[in-house]
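What follows is a single structure, written as structure tokens, with notes after it.
Only the coordinates and a few stated rules stand behind these numbers; no lab work does. Just so it is clear, the model here is predicted, and its values are computed rather than measured. Counting neighbours? That spans all protein chains shown, and the Cβs are built from the backbone with ideal geometry, glycine included.
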Amino acid sequence: MSLSDPLGDLLTRIRNAQRARHAACVAPASKLRANVLEALRREGYIRGFSKEELRKGVSQLRIELKYLDGEPVIKEIHRVSKPGRRVYSKIKELPRVYAGLGVSILSTPRGVLSDGEARAANVGGEVLCRVF
């Protein structure tokens, strides 16, 4: 099955799994998806993830979701840059998500970073998603 927006699919799987109160969810593996999940893990929005090989050349990511007092840690997760409309931002023009309570995930020349890490590295890039 081909997807036109694999990252959007990943975010939707996470959103749906948390609404259903699942402990974990799975998604097809790719480098971009793994890098975005690593940024979410560093920011504390998910417990972690692991790559499982189904058969030779085909693997999936198992994402362990995080809850606090029975409520999902991720309240909102939205795709910003889509295949039909790419959104790029200079670091000085990058808006804060909910006055700094949330994060934006960016694809930069230094890899996939959260907005705080991008500000520290002073690099801009494509705004992939917003998480609160």
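Things worth noting here:
- Springs between Cα atoms under 10 Å define the GNM used for the chain, and in it the highest mean-square fluctuation of 116, 48, 100 occurs at 100.
- Trypsin sites (Lys or Arg not before Pro) within segment 1-72, DSSP loop, no more than 14 other Cβ atoms inside 10 Å: 21, 56
- Global form of segment 6-131, assessed from the alpha-carbon gyration tensor, a/c cut-off 1.5: oblate
- Helix 31-43 vs. the chain, principal-axis angle (Cα, 0 to 90°, nearest 10): 70 degrees
- Estimated FRET transfer efficiency (residue 67, residue 123; beta-carbon r; R0 30 Å; 0.05): 0.40
- Principal-axis tilt of helix 6-19 within the chain, Cα atoms, nearest 10 degrees: 70 degrees
- Point-charge dipole on Cβ atoms (K/R +1, D/E -1) for segment 6-131, about Cα centre, debye to 20: 300 debye
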